[in-house]
Amino acid sequence: MARPGVTVTEAPLPRVVANPSRSGSFGGFLGTALRGPTVPTLVTSWSDFVARFGGFGNLIINTNAVAVTLPDALYQYFNNGGGPAYVARVLPTSAGTADVTIGTLDFVAISPGEWGNGITVEVEVDTLPTDTFTVSVKEKRRNIDVVVERFRSLSMDKSDPRNVEQIINSTTIGSQFVTVTQADEVPLVTGDSQPLDGGSDGTAEVTAVEYGAAFDSFDELDANFVFNLPGIADVSSVLAKIEGPDGRQDSLLIVDTDENQTPDMDGATLPTSSYAAVYYPWIYIGDPAPDAPRGGIKKVPPGASVAGMILRTDASRGVFKAPAGVASSLTGAVANERRLTNTELDTLAGTNINVIRPVPGSGITVMGARTRTAGSTSQYISVRRTLNFVKKRAMEVSRFALFEPNTPSLWEQLRVANGAFLSELWQIGGLAGLEFSQAYYVKCDGENNTAQTIANGEVHVEIGVAPVFPAEFVVIRVGQFEADASVVVSEEF
C-alpha cells in the first residue's frame with residue numbers, strides 16, 4: 001500500500017458451519033392413528049398433529065382390535081419439549097380406503113382407514129353462474145356432521161384455473177380429507193350429499209413386518225432422528241434398518257417394554273444395540289382427552305415423553321449432554337407403573353435398562369442414560385448421539401468436494417471444513433481434552449489418499465474424536481477426624 005486508505009482484497013476463507021450446539025435431530029414416530037398419511041409427514045405442534053392425524057376420539061371410533069397409539073405419544077412428546085417430528089401411520093395390509101361417487105366425480109379418502117366412513121361430501125350447483133358448483137366436506141364429530149372444508153366456484157372445465165381436480169387435489173390449498181377424480185367434463189346438473197363408504201382399519205393387529213415396511217419410507221429423509229414406536233417392544237424389524245453397515249447409522253431408537261413387564265424382564269425380547277435405548281416402567285399421566293373425567297389419569301408407555309425430553313436437552317445443553325438426571329423430569333407424568341426396590345434398580349441398571357422413577361424435588365425422572373450395548377464407549381446415549389452428530393455434520397460440510405479435482409488443495413479444504421465444526425463442538429464442551437489436539441483430529445493427506453485411491457475416484461478423510469462421558473456415579477468420601485489425629489471413620493456412598 002503506497003498511501004493511507006481502506007484496501008479490499010479477495011482471499012479464500014474456510015466454509016462457515018452452523019453452531020453445533022443444535023443437534024439438528026427430529027422426532028420420528030410410527031404407530032396407529034384414527035386417520036392420516038401412511039408416509040412420514042412433518043408436524044410441528046400438537047395442533048398440527050391433530051389436524052393431520054386426528055386426536056383423542058374426535059372421529060368415529062375404531063371397531064376392530066387395533067389400538068390407537070400416536071395421539072398419546074405425540075401429546076407427551078410435545079408436552080416434554082420435543083421439536084418438529086416426522087410421523088407415519090401404520091396400518092395392516094387388509095385396511096381399506098373409503099370412497100363415494102357423486103355424478104361424474106369420484107371422491108376418495110386421503111388415507112386408508114375406518115375414519116373415512118365418517119366423511120360426507122356435498123356438491124351444490126351455484127345459483128350464479130350456473131356452470132360452477134361448491135364442494136363441502138363434512139366430518140362426523142360426536143355423531144354430528146360438521147363442515148370442515150368448503151371449496152367454492154369450482155368448474156368441470158379442465159382448462160379452468162378453478163377446475164375441481166386442480167383445487168381439491170392441490171398440495172397447498174387442497175383438501176386434507178379427500179381427493180377427487182372427474183370422469184369427464186359433463187356439467188353437474190343437480191347437487192347431492194353422500195357419505196364415503198368402504199373404509200376399514202383392517203382385520204388384524206399391525207405386525208412387526210408392517211412396521212418395518214412403513215419405516216422404509218424414512219429412507220428419503222436425510223436427518224438424524226430420535227425414533228419411537230409407541231408401546232411396541234418388538235422393534236427388531238426397524239432396528240435392523242437403523243444399525244449395521246447397511247442401516248442409517250444416524251439415529252437412536254427409544255424402546256418401550258411391554259405393559260406390566262416385571263423388573264426381571266421375564267419373557268421380554270429386548271434389542272442389543274448402541275442405536276437403541278430401553279426405558280422402564282410405563283408411566284401415568286393426566287388424561288389429556290377432552291372428554292376424560294376431571295382428574296382422570298391413564299397409563300402410557302414412556303418412550304415418547306423420553307424422546308421429547310432428549311430433544312429438549314439438545315436445545316438447552318447439546319447433543320453431548322446425557323439425557324438423564326434431576327433436570328430430566330418427564331412433564332405431565334404423575335407416577336410410574338410400579339415401585340422398584342433397590343435390588344430391582346441394581347438389576348435393571350446392570351442390564352443397561354434406563355429406569356424412570358420419582359426423585360424428591362424433581363418429580364418422575366429418567367435416571368439412566370445407557371444404550372443396549374454394554375462394555376463399550378457406545379454404551380452411553382450421549383456418546384452414541386455425539387458420534388451420530390459428527391458423522392452427519394462431516395457428511396454435510398464435505399459435500400462440496402464431490403467431483404472437485406482430487407488434489408492436495410481439496411484435501412486442505414476438507415481438513416479446514418471438518419476441523420471448523422469440530423473446534424466449535426469442543427469449545428462448547430462436546431469433546432474432551434484441554435487442547436484441541438486432545439479433542440479431535442482430521443487427517444486428509446497423501447498418506448490416506450494414495451495414487452490408487454485417487455485413481456478410484458476416492459477422497460479419504462479420517463476423523464478422530466474424544467467424546468465426553470457422563471458422570472454416572474458421584475462418590476463422596478466422608479470422614480471423622482480430630483485435630484492432630486488420623487481419620488477414625490471413612491465411608492463411601
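Below, the figures for the structure above:
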{"read-out": "Whichever residue in segment 270-289 is in a loop (DSSP other than H, G, I, E, B) and in contact with a Ser or Thr (Cβ under 8 Å, 6 or more places away or on another chain) and, among such residues, is surrounded by the fewest Cβ atoms within 10 Å (Cβ to Cβ)", "value": "272"}
{"read-out": "Scope segment 302-343; condition under 26 Å from residue 439 (Cβ atoms), assigned to a loop (DSSP other than H, G, I, E, B) and of a type in the set (Gly, Ala, Ser); matching residues", "value": "318, 322, 324, 325, 327, 328"}
{"read-out": "Candidate set from segment 79-105 (those that are over 11 Å from the mean Cα position of the chain (by Cα) and of a type in the set (A, V, I, L, M, F, W, C)); member that is farthest from residue 120 (Cα to Cα)", "value": "90"}
{"read-out": "Residue in segment 233-245 that is nearest to residue 25 (Cα to Cα), counting only those that are free of Cβ contacts under 8 Å to residues at least 60 places away in the same chain and touching a strand residue (DSSP E or B) at 6+ places or on another chain (Cβ under 7 Å)", "value": "242"}
{"read-out": "Residue count, segment 380-407 (criterion: part of a helix (DSSP H, G or I) and either free of Cβ contacts under 8 Å to residues at least 12 places away in the same chain or surrounded by fewer than 18 Cβ atoms within 10 Å (Cβ to Cβ) (or both))", "value": "6"}
{"read-out": "Filtered residue count, segment 417-442, keeping only those that are surrounded by 16 or more Cβ atoms within 10 Å (Cβ to Cβ), in contact (Cβ under 8 Å) with a residue 24 or more places away in the chain, in contact with a strand residue (DSSP E or B) (Cβ under 9 Å, 6 or more places away or on another chain) and not small (Gly, Ala, Ser)", "value": "6"}
{"read-out": "Residues satisfying the stated conditions in segment 161-216, i.e. free of Cβ contacts under 8 Å to residues at least 60 places away in the same chain, within 30 Å of residue 237 (Cβ to Cβ) and buried (at least 17 other Cβ atoms within 10 Å of the Cβ)", "value": "212"}
{"read-out": "Tally, over segment 36-78, of residues that are modelled with pLDDT under 95 and assigned to a loop (DSSP other than H, G, I, E, B)", "value": "20"}
{"read-out": "Residue, farthest from residue 73 (Cα to Cα), within segment 246-269, restricted to residues that are β-branched (Val, Ile, Thr), part of a loop (DSSP other than H, G, I, E, B) and in contact (Cβ under 8 Å) with a residue 24 or more places away in the chain", "value": "269"}
{"read-out": "Tally of residues being closer than 21 Å to residue 372 by Cα, within 14 Å of the chain's Cα centre (by Cα) and assigned to a loop (DSSP other than H, G, I, E, B) across segment 204-245", "value": "3"}
{"read-out": "Positions within segment 79-117 being in a helix (DSSP H, G or I) and buried (at least 23 other Cβ atoms within 10 Å of the Cβ), in sequence order", "value": "114, 115, 116"}
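The values are calculated or read from the model by the stated rules, or taken from the named source; none is laboratory data. Bear in mind that the values here come from a model prediction, so they are computed numbers and not experimental data. Glycine gets a Cβ as well: all are built from the backbone with ideal geometry, and neighbour counts include every protein chain shown.
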